Amino acid sequence: MINDKKFSIRHISIDDLDSNRELFQTGFWGRFKAQFGWVPVPLKIGYEDIESNLLVLMRSLRFGLHIGYIPMGPDIPEPKTGKEEFLIHLAHAVKEYLPSRITFLRFDLPWGRQGEGIAPGPLQQNKKLIKAPTDIQPPHTVILRIDKPEDEILGGMKHKTRYNIRLSAKKGVIVKEESPEKLTAWYELYKETAARDRIALHSYQYYRALFDLAAENSAHHISIKLLSAGVDGRFVAGIVVAIKGDMAWYLYGASSNEKRNYMPNYGLQWEAIRIARNAGCKYYDFFGIPPADDPDHPMHGLYRFKTGFGGDFFTRYGCYDVILRPFYYSGYSLAEKGRTFYFKKIKKMTG
């Protein structure tokens, strides 16, 4: 049986987290989120013969309460059995290194299953562990292996995707890497995209801080790339990509309502894949996709677009909350469900 005392935990430097493979578990990400109301708590956890760094992000609520969020962690192999018990006891062990009035710890689990239509079974819920009202990071994604010749990567794509990549170039779409000074123009496109697709977005300062921090911390080997697609000198689409070690992540994409038939987004993704490959990456994570090939899904076009590049479908468990103060958690959960309903239903309907 697992108990809290089986975990060894100690504080470490936030810089120590930059050795983590997962972007959202790095000190870089902790420093970035610290600029927007979160407090990063870097820890070293040990369990049996496993040691791992852990980034916990803390946020203050009213009345001196706090919440904790662990993005894409813990970065350890998925337990074959007893995952629920493991998370509960890990949370209680970690709690001792966090503010005393912490309401819950939310695990955005990195564990999952590979293969389209193959999903991990839900964790067994109880009074201490429940499925969070909403997932933070997208649980469904496509991860493309890119450490091979370009012809092989292209050969693994669907015919229509290869055609659209070539069509984009044939129509004169110019794709290039930009300096952060072009982020203002990209953000205007992003606002246009958000209005069209009815998605939420952060302030301009949020995205600019990501680039500024990467430039300031280049020694930690994390780079943030801005790529633009231009037609006749006009900025018609752009994407933001993160690169660290053997991984690259497509984080944000924006496109104009104009020149969509020029297929600029295909040219952008292909160039991002090439840049990541040349930087020594093995994998390119398309980061977020609908759960299935469902024509009735509002984001079905995104599904067809991303799966067209090939790669492996991967489905994670999503977010689970370990409840540490049940009374306060029930109030927070109710408010969170209300916000989710507003943004996903009411706000979308009203535009």
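Laboratory data are not the source of any read-out in this text; all were calculated from the coordinates shown. Source: prediction; values computed, not measured. Every residue, glycine among them, receives a Cβ derived from its backbone with ideal geometry; neighbour counts consider all protein chains shown.
Averaging the Cα positions of each part gives two centres, and for region 74-106 and region 209-279 these lie 35 Å apart. Projecting label points 7 angstrom from Cα along Cα→Cβ for Gln137 and Asp151 puts them 3.6 nm apart. Taking other C-beta atoms within 10 angstrom as a stand-in for reagent exposure, Ser228, Ser223, Ser8 fall in the order Ser8, Ser223, Ser228, fewest first. Kindly identify region 203-245 as rounded, prolate or oblate by the Cα gyration tensor criterion: order the square roots of the eigenvalues as a ≥ b ≥ c, call it rounded if a/c is under 1.5, otherwise compare a/b with b/c, prolate if a/b is larger, else oblate. Cα axes put region 203-245 in the prolate bin.
Cβ crowding within 10 Å ranks Trp186, Trp111 as Trp111, Trp186, fewest other Cβ atoms first. Since only Tyr190, Phe309, Leu154 are under comparison, the one whose Cα sits farthest along the positive direction of the charge dipole of the chain, derived from C-beta charges on Lys, Arg, Asp and Glu, is Tyr190. Residues of region 98-116 with the amide nitrogen closer than 17 Å to a label point 7 Å from the Cα of Arg325, along Cα-to-Cβ, please. Within reach of a label on Arg325, which here means backbone N under 17 Å from a point 7 Å along Cα→Cβ, region 98-116 contributes 98-106. Remark: region 147-281 carries a charge dipole of roughly 580 debye about the Cα centre, counting +1 on each Lys and Arg Cβ and -1 on each Asp and Glu Cβ. Largest mean-square fluctuation among Met247, Met157, Met58, in a Gaussian network model of the chain whose springs join Cα atoms under 10 Å apart, belongs to Met157. How tilted is helix 83-95 with respect to the longest principal axis of the chain? Cα atoms for both, answer in degrees (0 to 90, nearest 10). That helix lies at roughly 70 degrees to the long axis. Between Lys170 and Ser60, the simple spin-label model (points 7 angstrom out along Cα→Cβ) gives 6.0 nm.
If the chain between Gln125 and Ile12 were fully stretched, how many nm would it gain, using 0.36 nm times the residue separation less the Cα-Cα distance?
Details: separation 113, 0.36 × 113 = 40.68 nm, distance 3.18 nm.
Contour length minus the Cα-Cα distance gives 37.5 nm.
Here region 56-73 is scanned for amide nitrogen atoms under 13 Å from the site 7 Å beyond the Cα of Tyr97 along Cα-to-Cβ, giving 56-57. Remark: the Lys158-Arg274 segment gains 40.0 nm on full extension, using 0.36 nm per residue and subtracting the alpha carbon distance.
Relative contact order of region 39-80, taken over Cα pairs closer than 8 Å and 6 or more residues apart, is 32 percent. Here the chain is treated with +1 on each Lys and Arg Cβ and -1 on each Asp and Glu Cβ, and its dipole about the Cα centre works out to around 1060 debye. In the elastic network of the chain, a GNM with C-alpha springs shorter than 10 Å, the most mobile of Phe63, Phe313, Phe107 is Phe63. Once the Cα atoms are used to define both axes, helix 204-216 deviates from the longest principal axis of the chain by about 80 degrees.
Kirkwood analysis of region 256-330, using all unique Cα-Cα pairs, places the hydrodynamic radius at 15.7 Å. Calculated over the chain, the projected area of the Cα convex hull averaged across directions stands at 18.3 nm².
Estimated at 0.36 nm per residue, the fully extended path between Met299 and Asp246 surpasses their Cα-Cα distance by 16.2 nm. Shown here for region 1-59: trypsin sites (Lys or Arg not before Pro) in loop regions (DSSP other than H, G, I, E, B) with at most 16 other Cβ atoms within 10 Å, namely Arg21. The calculated FRET efficiency for the pair Asn261 and Tyr206, based on their C-beta separation and a Förster distance of 25 Å, comes to about 0.20. Principal axis extents of the Cα atoms in region 147-281, from largest to smallest and rounded to whole angstrom, are 39, 34, 26. Please name whichever of Gly30, Asn53, Cys319 sits farthest to the positive end of the charge dipole of the chain, dipole taken about the Cα centre and charges placed at Cβ: Lys and Arg +1, Asp and Glu -1. Highest projection toward the positive end goes to Cys319.
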